[in-house]
1. Order the peptides 253-259, 269-275 from the highest to the lowest mean number of other Cβ atoms within 10 Å of their residues.
2. Report the label-to-label distance for ARG306 and LEU12 in nanometres (one decimal), using points 7 Å from each Cα along the Cα→Cβ vector.
3. Please give, to one decimal in nm, the separation of the simple spin-label points placed at ALA88 and LEU24, each 7 Å out from Cα toward the Cβ.
4. Counting GluC sites (Glu not before Pro) as exposed when in a DSSP loop with at most 11 other beta carbons within 10 Å, what is the longest stretch of the chain free of them?
5. Once you charge only the Cβ atoms, +1 for Lys and Arg and -1 for Asp and Glu, what is the size of the charge dipole of region 172-279 about its Cα centre, to the nearest 20 debye?
6. Under 5 Å between amide H atoms, partner at least 5 residues away or on a different chain: which partners does GLU131 have, H built in plane at 1.01 Å?
7. List the residues, sorted by chain then number, that are 5 or more residues from LEU204 or on another chain and whose placed amide H is less than 5 Å from its amide H.
8. Quick check: net charge around GLY179, other residues with Cβ under 10 Å of its Cβ, Lys/Arg +1 and Asp/Glu -1?
Amino acid sequence: MHSLDAFAQAKLDDLQRRHLRRALAETAREDGIWIERDGRKLLSFSCNDYLNLSQNPAVKQAAIAAIEQYGAGSGASRLVTGNHPLYAQLEKRLARIKQTEAACVFGSGYLANAGILPVLIGRDGLVLADELSHACLFAGAQLSRGMLMTFRHNDVAHAHELLERHRAAHDHALIVTDGVFSMDGDLAPLGDLLAVANEYDAWLMSDDAHGLGVVGGGRGSSFTGNTHIPVPLQMGTLSKAVGAYGGYLCASAAAIDLVRNRARTLIYSTGLPPACVAASIAALDLIEREPGYAALPVQKAKTFTRAAGLPEAQSPIVPVVVGGEEAALAASRLLADEGYLAAAIRPPSVPADTSRLRLTFTAQHPDDHVARLADIIRDKVMAQ
Ligand SMILES: Cc1ncc(COP(=O)(O)O)c(C=O)c1O
């Protein structure tokens, strides 16, 4: 066997043995919540299209019109000729929603984080990350070449302690955290983190991939309390509640101008297809116009957690932690037999021994199915 194939096969065998091998399952989504997989129709509780906007007629129409006017692709990096006229509208809209001076749109959320952190932090800098932050925040931190330290999940006192001990040895410090945690669905204590950041002249960046559109009246995790928390760097994605594709950073005009000048994932990657940008603008229109609709996914998640006897949901994401990898796979199969898609999430996406079903609720999930899912989780999954 060629050494490359032998290497790949040995790695795959190891993953298989540890129940960590993954496979792509062909999945047709036709109306947003029902999907077809392996010839079976399943109601999906695994999709991040929280408002089902990827299927919204106005959003789809905006994408079609953009293709007709500007074509299917953007042709080059935004810094060359890929900055089609729709970008300015989208960035203005994002800055308005997040109440910042400016915004910059990237090719995806992952590309945003991989690009932003190295602009702000260099070899002499410090990145403090919540230990459950998304993988792309860690990727960005590694690319920055600064010192990376993690603080215990949502433990502001630990972040404070690390800054007290290490801040002075670094030129700049950046605290990063998910706003809504992608695998646990809980919210970051952004107000307290901002106070600690300000005390040590550190900058705070929230990743609101799962916040925009669904918490804080649709504006995201900085808007969930009684007062708006002015997080200076708010990034997120257009691929979840917004129903399209792309990533963004909202910040001051100076910070955004610097990111546009220096972020390698913006400079050296082709601009988004016009359809994605147009769809995002149309989706944000709806989110701004209909806060009642934006509140539905969290309402459904709360109805579910009440009925299933789980801790109250804070977002549309509800983890059902079962522990081992095999147990999570078995729970996922059990739900598929009941007609529901609930993906098993295993390490490295979550820490060891916390494999789980990660359930997500959307505005259009029928209430009777939410109730039935709660019964199954309570009586057949948690009771195991
Ligand atoms: C918290 C978080 N940040 C960033 C991303 C990456 O965003 P994108 O899918 O747009 O690359 C995701 C999910 O994919 C996420 O869950």
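Read-outs throughout are calculated quantities, based only on the coordinates presented, and are distinct from any laboratory measurement. Just so it is clear, the structure is predicted and the values come from calculations on it, not from any experiment. Don't worry about glycine lacking a Cβ; one is built from the backbone with ideal geometry, like all the others, and counts go over all protein chains shown.
1. 269-275, 253-259
2. Taking the two extended label points, one gets 4.9 nm.
3. 3.8 nm
4. 31-311
5. 500 debye
6. The answer is PHE151, HIS153, ASN154.
7. ILE175, LEU233
8. Net of charged neighbours comes to -3.
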